[in-house]
1. PRE reach from MET381 (point 7 Å along Cα→Cβ): which of region 457-473 fall under 12 Å by backbone N?
2. If we restrict to alpha carbons, what Rg and Dmax does region 560-717 come to, in Å?
3. Calculate the FRET efficiency for SER284 and VAL402 from the Cβ-Cβ distance with a Förster distance of 45 Å, rounded to the nearest 0.05.
4. For a quick protection proxy, order the peptides 743-749, 219-225, 537-543, 348-354 by their average other-Cβ count within 10 Å, most packed first.
5. Equivalent-ellipsoid semi-axes (√(5λ), Cα gyration tensor) for region 512-651, whole Å, largest first?
6. How big is the dipole moment of region 544-605 about its Cα centre under a simple scheme where the beta carbon of each Lys and Arg is +1, that of each Asp and Glu is -1, and everything else is neutral? Debye, nearest 20, please.
7. Grab the Cα-Cα distance for GLU523 and ALA226, subtract it from 0.36 nm times how many residues apart they are, and report the gain in nm with one decimal.
8. In the structure shown, do any of LYS656/LYS718; LYS135/LYS445; LYS671/LYS743; LYS556/LYS685; LYS177/LYS685 have a Cα-Cα gap over 21 Å, and if so which?
Amino acid sequence: SSATPKQKAKHRMSGRSSMVARRTSGGTRRGSSAMKRASGVRLSIFSLRRSSMERRLQQPHPHPLQRGRSRSMLVSVTQSMKQAVGTGGLSSSTPSIVFSANDGTERTSPSSSYNSRESMVVHRNWHVVQYSLIKLLRALTDFLSSNNNNKGTNSSNNAKQPLPLIWYLEDLQWMDKMSHELLQTVMMDKVLRRRILWIGSYLPNYDQTSQDDDGPFVEWKQHLEAGVQNPERAELGYEVCQYHHLPLSNLSPGAIGDFIADSLGIQEEEDRKEISPITQAVYSKTLGNMFFVRQALLELERRNAIYYDVMTFTWKFVGDGLDEILVDCLSQDVGEMIQAKLQALPVALQLSLTVAAYCNHSFDTEWLYPLVKTQYESYQMRRSQHGGNAPDDDGTDDLSTVDAFEKLMYKAFQDGLILRDQHSNTRSSCTLCETQYPKSSETYKFVHDRMREAARASIPEGEERNLFLLDLAMSLLQQAERETVANKVAGRMVGDKEWMLFAASDHLNSLPSSLVNIMQVSELSLRVGTMATSKGCFSNGLVYFRSSIERLVESKLCWEDPYYELSLKLHNHLLECEHVLGNIEGMEAVIQQVYSHARTEPDKLHAQYFEVYSKRGLDNDRYTECVDAGLRMLSQYGIDIPANPTEKHLASARMKMTILLRGRSIAAVSKFPISTDPELVAPLKLAQITLGFAALCNRHTVMALLSRRILMLVLIKKGITMNLPFVIGALAGPFRREERYEKMADYLSTFECLLDRFS
């Protein structure tokens, strides 16, 4: 009699635990555990969702590298690390680093709809991508520190020093918005800022000469400088990183003269004065850029202005008329000199470098050879049709075998046009010459961006380049499909040749509509854009979706048959990208397009869903307007909920729901089949987001009435979707406030059963 109300409620709940446990589905005792866990806890839809997800994230599940069929990938990664860092401790610890960095927290978001028209790709949340990278870097630096401490030194102080990780980033001026956000997040991490030395390079005066004054790189650089130069942050206890700016200027004329003299083997000071005309001519054309200096010297050697005397075994240069020769050799731009050097190569090698320039930044002979062979056959066919002569049959244009192509690429490597991957070390002797050439597949890259630009410019703009890009895109698509099929048959992981699809899409999107199949190009843009968003690159996906829509609009095919389904998918994916990137104006424009051209109400579902989100505003504080928008959308599907429900509305809903249950527990809905009926999918999807915003603005009566109306619809349709668990969870809070713990336990158990079913 002297017990408090809380003690009485706890006594009533413990006395009914066995009865509730027997009423849960499957004969489990989840009801008892749910009631014990629920006591003293304030329940809402977000606390339910968070606690349930946390329990699932804590449950260990196998990493993809731990599965049997992906074991080959783990071996491949370990071998690559051994080639990079040797056979030390880092390569042997690869599995532990990967497993410790990925402990099961990287979960993908479930799909937002079961409608085939609305099926969106399952993608990683952008914050999950950032968190995963931070965890991986922490695991790597932890291992480096522990490995350094295990070695031990004579000094105890030195043994406690962590081993830093040096991260070098090149060409920071090309940073995009997503890279800027990711880099800033990693650099601000309180653990990693003490363990990583960041080194970055960018083009000189880029931040002054760039027209994009608000670009990601300029913003990141200004933010970094402001943080370092702000003494108030140090007074507030923030750690201020050390920032050093090191300008790297071009070489001086004297340094260029010394380089040329050393290259020619000139030691005497008097002889060095004789090469001053060469130094002045080279410097005037290159301005001390080391790459351009090398190209200028190679051009002089190609024109025999500098030659090697086999009698005296020394380098010499032309004495008489040197000024005229220099003017003739170096009168053109450095880019034109590079193009002239490429034009002097065999036709097959020129074409190989051109194909490589329009593909990935690095290329290997395994996948490059089929592309080059196809393009070379097309080149021979076009040349024969125009009455041209056949290529010289001197062996330099031989592409009949892979070995011949390997020798051809090795010639480009010897000429200083491309660089070999430093990890590739497989060689074999050539029986035709006293040199070494690659035996197996080798990876190369261009020695400089200007070399790649010159290779691209070797094909003149216009019809010839368009036809070349069209053939190359088709070849890339065919090879990508073959790689995908081969990987699936062999049980390997697919993804290492995805760049082929991106390159093919870029080439096709650059061509006029008269040369391409608009349906094929649009479907490919949709595919690669979906792949980009699945990896968290929503800015890149937005470019693909928007370019495809613009092409359809220009061709007056958008929303027309048979392009209606494709147009709807492109607009839905574009709407998702605009939402993730925070572009509210772009969202509203796309929503209006969908509303104007959608033929059925289910086709408008995705736009309605994101319209509710768009009402939040830039400050994310207009939750009441989001709830009103959600209720307005639900009314179009026959779910009429007043803005301020009364107790009469709630009592009527409770009575109708009791009649529909027919004495059954709410757990009966967990056994309903998964439904794809648009009349059920749409209200449940809109109800979930509306309930979430209603919880944020404390509109509990709206939550209670809306949840019951949705459950009534589920009982009538006898089907469920993945949005139902959160609708049921929204009713657990009112039951606790009413001290109806038995009902609360039933709803919590059903909530967990449904989450397990859709997880």
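Since every read-out is calculated from the coordinates, none of them should be taken as a lab result. Predicted model only: the values in this text are computed from it and were never measured. Every residue, glycine as well, gets a Cβ built from its backbone with ideal geometry; the counts of neighbours run over all protein chains shown.
1. 471-472
2. For region 560-717, the Cα-based Rg and Dmax read 17.2, 51 Å.
3. Details: r = 44 Å, r/R0 = 0.99.
Once rounded, the FRET efficiency stands at 0.50.
4. Details: 743-749: 25.4, 219-225: 16.1, 537-543: 20.6, 348-354: 23.1.
Packing proxy ranking, top to bottom: 743-749, 348-354, 537-543, 219-225.
5. Working: eigenvalues 227, 62, 24 Å².
Listed largest to smallest, the semi-axes of region 512-651 are 34, 18, 11 Å.
6. Values: 6 positive and 11 negative charges, 20 e Å.
The dipole of region 544-605 has a size of about 100 debye.
7. Values: separation 297, 0.36 × 297 = 106.92 nm, distance 4.50 nm.
The GLU523-ALA226 span can extend by a further 102.4 nm.
8. Values: LYS656/LYS718 16 Å; LYS135/LYS445 31 Å; LYS671/LYS743 18 Å; LYS556/LYS685 33 Å; LYS177/LYS685 31 Å.
The pairs that break the limit, which is 21 Å between Cα atoms, are LYS135/LYS445; LYS556/LYS685; LYS177/LYS685.
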